[in-house]
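Trainee: Just passing along the structure, written as structure tokens.
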Amino acid sequence: MAALDNPSDSEYPVILTDLELGSAMDVETSKSKRRKSQWCSAINCTNERYECPGLSFFRFPRDEERCKKWLINCRRQDLLCKSPRELYTSNVLCAIHFEDSEYTDPHRRNRLKPLKAVPTIFNIPNPPPKFANRRPAPREKKIATGEQNSPSSSSQPVSTEDPSSPVSLTSTQQNRMVKLKKKVDSQRKRIKRLQSSCLHLPHANKKRN
């Protein structure tokens, strides 16, 4: 009977009064108000911050240029009217939208590289290009040689023909050569006549005087 007079908590449930029950409900209501649901802003992504406790969520950057890159990559043109400050306070992206190269620790995936991380993984018809698929620019191959290339060297092919060897000409070219020779001979004769006439000029002037 002594056990019945002093019942233990394990044998009998605790019955709360109306006042205690109301205060407990107020506490739960205040907690739910403080814990506002926050969904991932990416299209076709249904991850919620408090429903996925093991998944990291990242705020939009305050920097205007990086914030615009995030919006363009996730194809949320409807959010372009918001300022970076508004997006920072109200919008997030979950960790599945970032490649391993964008994390400081790719295994934990809970911290992005500061001032440079950009999301590229999205379930949309026209996703942005991924960093892993981008090929580096081709580099010029350098030949390791001890001598430097001289400025007189050129890449043009060197002719191996002997300059003293006769050149074969076509019939039209031969005819032109003959005509040119005739013109040259006539010009030479004319020059000689002019020279001879110039030599006789002083004698003619003496006779006139």
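The values are calculated or read from the model by the stated rules, or taken from the named source; none is laboratory data. All values reported here derive from a predicted model rather than from experimental measurement. Cβ: placed from backbone, ideal geometry, glycine included. Neighbour counts: every protein chain shown.
Trainee: Residue check: is Leu199 surrounded by 10 or more Cβ atoms within 10 Å (Cβ to Cβ), over 30 Å from Arg62 (Cα atoms), modelled with pLDDT of 65 or more and not charged (D, E, K, R)?
Mentor: no
Trainee: I'd like to verify a number: residues in the range 46-72 that are surrounded by 17 or more Cβ atoms within 10 Å (Cβ to Cβ) and either under 14 Å from Cys94 (Cβ atoms) or in contact with a strand residue (DSSP E or B) (Cβ under 6 Å, 6 or more places away or on another chain) (or both), how many?
Mentor: Here the count works out to 7.
Trainee: Another question about this same structure. Leu93 - would you say it is assigned to a helix (DSSP H, G or I) and farther than 15 Å from Pro114 by Cβ?
Mentor: Values: assigned to a helix (DSSP H, G or I): no; farther than 15 Å from Pro114 by Cβ: yes.
So Leu93 fails the test.
Trainee: I've got another one for you. Which members of the range 36-73 meet the condition of being in contact with a Leu (Cβ under 7 Å, 6 or more places away or on another chain) and more than 16 Å from Phe98 (Cα to Cα)?
Mentor: none
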